[in-house]
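Below is one structure, written out as structure tokens; the observations come after it.
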Amino acid sequence: MADLSTRISDYVWKDLIEKHVNGKSEPFWESLKKTGSEVWLDTADIIEAENSWTSEMTAITTNNTLLNNEVQKGIYDVFIAESKAIVRELPPEERVKEIAFILNARHGLRLSQKFKGFINVELHADFAHDINALFNYGKRYHDICPEQFIIKIPYTAEGLIAARMLKDAGVKTNISVGFSARQNVLAVRFARPDYVNVFIGRIGEFISENKLGDGTGAGEMTAIASQNWITGLSAENQWQTKQVAASIRNPKQLEMIAGTDIITIPPHIVTASLKDLKGKFNPRMHENYDVSIFDEAKREQIEKLWKVDAKILKFSSRLASKVPSSANEFLHVSHEEGCEDLFPFLTKEEKAIIAADGRIPVCSKWEKKLAEGKIALDSLLNQAALVVFHNDQKMLDERIRGIIET
């Protein structure tokens with residue numbers, strides 16, 4: 001594998017020439033930056049990125065969905081066909097995963113050369129519950145571009161363990177698909193990542209589509225609460241973690257979360273923000289937004305998104321004092337500490353329900369488990385996000401398979 005990794009590293013760097021984009025300064029983003037917010041661009045589309053990039057922006061973040069969108073355009077078909085020779089000695093399915101890795105690395109390198117910022121690269125979705133694969137492929141990404149690649153790790157028990165291992169190996173990590181302050185507190189205290197996320201737009205959509213409230217303020221409240229926890233923990237820790245506010249759905253959200261460590265913004269929101277906002281931002285990290293909740297019976301469940309209780313602190317302290325050797329050990333500790341709703345056990349039938357519902361789970365289907373404390377809104381959203389990324393990864397893999405098997 002060492003020889004293969006070297007060949008792949010040489011291959012993804014081969015003939016790589018991207019003209020650097022000197023982003024012009026934009027006072028609008030400078031105003032947001034002055035609140036304490038670093039601005040990232042959320043896209044894998046190089047043309048979109050070039051049209052949106054300014055000198056105030058410091059990174060680009062991609063994921064399986066965004067990369068799949070690019071691959072489906074056919075721009076990498078020849079590259080995929082040529083990649084077949086590099087992985088010819090591997091079994092068929094391993095070839096597909098290896099070429100998916102090659103595509104991620106190549107596209108990430110193109111972005112890194114063009115924009116000179118940090119580039120968030122995603123691991124294969126099938127590795128979400130495989131500690132060794134997450135660690136090994138994460139380390140290989142890092143070795144290809146250690147100065148600029150940030151490795152996105154899924155929020156799973158296995159992912160958190162792998163992130164801790166990668167941190168100890170000197171690899172920058174970004175714990176993805178996070179939906180609550182308590183998820184992020186656990187991640188920071190145990191896995192020690194460089195970045196954690198709150199998908200604020202997805203939270204708002206979930207609440208509004210399930211008629212639990214109008215969705216306004218819930219994601220923003222969660223991001224602010226998580227930010228304040230992360231700031232406090234980073235002041236105490238020898239390692240530093242930054243909060244990322246992701247899944248931005250409208251320009252107004254930028255004003256509501258100004259001051260978050262990092263805001264990652266899709267190009268269409270960049271365009272809309274410049275049109276709709278005045279560009280006069282103020283820090284909002286001490287705001288206490290009035291979240292509209294229609295269903296009072298669900299208030300405690302919804303507020304769990306931004307509240308962190310003593311059980312989470314005890315659970316994370318126990319994990320940090322003795323790193324679990326396996327996901328089973330991790331999950332056993334979570335149940336012992338009364339945090340099983342963070343890492344729920346799902347039957348085959350329940351997994352099928354999540355898959356069928358897509359990115360926004362139907363809350364009414366989970367009433368019993370929610371009431372019993374066997375699942376929570378943050379873990380439900382997390383499970384749905386993992387399924388969406390898995391489906392998009394499957395589409396990407398099928399295109400690879402179709403090319404290399406012809």
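Examine region 142-149 for a residue that is of a type in the set (A, V, I, L, M) and within 18 Å of the chain's Cα centre (by Cα), and state whether such a residue exists. Checked against the condition, which is being of a type in the set (A, V, I, L, M) and within 18 Å of the chain's Cα centre (by Cα), region 142-149 yields no hits at all. When you scan region 369-386, how many residues do you find that are more than 21 Å from PHE294 (Cβ to Cβ) and exposed (fewer than 12 other Cβ atoms within 10 Å of the Cβ)? Residues flagged as more than 21 Å from PHE294 (Cβ to Cβ) and exposed (fewer than 12 other Cβ atoms within 10 Å of the Cβ) within region 369-386 amount to 1. Answer with yes or no whether PHE206 is touching a helix residue (DSSP H, G or I) at 6+ places or on another chain (Cβ under 8 Å), in contact (Cβ under 8 Å) with a residue 24 or more places away in the chain, closer than 25 Å to LYS365 by Cβ and in a helix (DSSP H, G or I). Yes; evaluated as a whole, the condition is true for this residue. Condition first: open to solvent by 20 Å² or more (accessible area, probe 1.4 Å), under 18 Å from GLU26 (Cα atoms) and not in a helix (DSSP H, G or I). Can you find one or more residues in region 267-277 that meet it? Yes, there is a match, as at least one residue in region 267-277 is open to solvent by 20 Å² or more (accessible area, probe 1.4 Å), under 18 Å from GLU26 (Cα atoms) and not in a helix (DSSP H, G or I). For region 300-316, a residue qualifies if it is within 18 Å of HIS335 (Cα to Cα) and either of a type outside the set (D, E, K, R) or in contact with a strand residue (DSSP E or B) (Cβ under 8 Å, 6 or more places away or on another chain) (or both), and the qualifying residues are VAL308, ALA310, ILE312, LEU313, PHE315, SER316.
Set side by side, the residues VAL198, VAL185 differ, and just one is within 22 Å of ALA376 (Cβ to Cβ), open to solvent by less than 20 Å² (accessible area, probe 1.4 Å) and either assigned to a strand (DSSP E or B) or out of contact with any Phe, Trp or Tyr (no Cβ under 9 Å at 6 or more places or on another chain) (or both), which is VAL198. Residue pairs whose Cβ atoms lie under 6 Å apart, sitting 6 or more positions apart in sequence or on different chains, and linking a residue in region 21-33 that is free of Cβ contacts under 8 Å to residues at least 40 places away in the same chain and over 15 Å from GLU48 (Cα atoms) to a partner that is of a type in the set (Ser, Thr, Tyr) and open to solvent by 20 Å² or more (accessible area, probe 1.4 Å), are SER25/SER55.
Only one entry of ALA162, ALA100, ALA105 meets the criterion of being farther than 29 Å from PHE343 by Cβ, at pLDDT 95 or above, open to solvent by less than 10 Å² (accessible area, probe 1.4 Å) and in a helix (DSSP H, G or I), and that entry is ALA105. Name every residue in region 14-39 that is surrounded by 13 or more Cβ atoms within 10 Å (Cβ to Cβ) and in contact with a helix residue (DSSP H, G or I) (Cβ under 7 Å, 6 or more places away or on another chain), in order of residue number. Listed by number, the residues that qualify are GLU18, VAL21, PHE28, LEU32, VAL39.
Listed by first and then second residue, the pairs with beta-carbon distance under 6 Å, at least 6 apart or on different chains, first residue in region 76-100 and closer than 14 Å to THR406 by Cβ, second assigned to a loop (DSSP other than H, G, I, E, B) and of a type outside the set (Phe, Trp, Tyr), are ARG95/VAL87. Checking ARG202, ARG182, ARG249, ARG192 one by one, the residue that is farther than 26 Å from ALA157 by Cβ and of a type in the set (Lys, Arg) is ARG249 and no other.
Of the residues making up region 40-56, those that are open to solvent by 10 Å² or more (accessible area, probe 1.4 Å) and either without any contact (Cβ under 8 Å) to a residue 24 or more places away in the chain or not acidic (Asp, Glu) (or both) are ILE46, ILE47, ASN51, SER52, TRP53, THR54, SER55. Scanning region 286-333 for residues that are under 18 Å from GLN227 (Cα atoms) and basic (Lys, Arg), we see that the one that is surrounded by the fewest Cβ atoms within 10 Å (Cβ to Cβ) is LYS307. Apart from one condition, LYS242 fits all of (1) touching a Ser or Thr at 6+ places or on another chain (Cβ under 6 Å); (2) open to solvent by 10 Å² or more (accessible area, probe 1.4 Å); the exception is (1). Filtered by the rule that a residue be within 16 Å of the chain's Cα centre (by Cα) and outside any helix (DSSP H, G or I), region 129-141 gives a lone residue, HIS129.
The values are calculated or read from the model by the stated rules, or taken from the named source; none is laboratory data. Just so it is clear, the structure is predicted and the values come from calculations on it, not from any experiment. Glycine also receives a Cβ, built like all others from the backbone with ideal geometry; neighbour counts cover every protein chain displayed. Ligands, DNA and RNA are stripped out before the accessible areas are found, and what is left, the full protein with its side chains, is counted by its heavy atoms. Shrake-Rupley method; radii C 1.70, N 1.55, O 1.52, S 1.80 Å.
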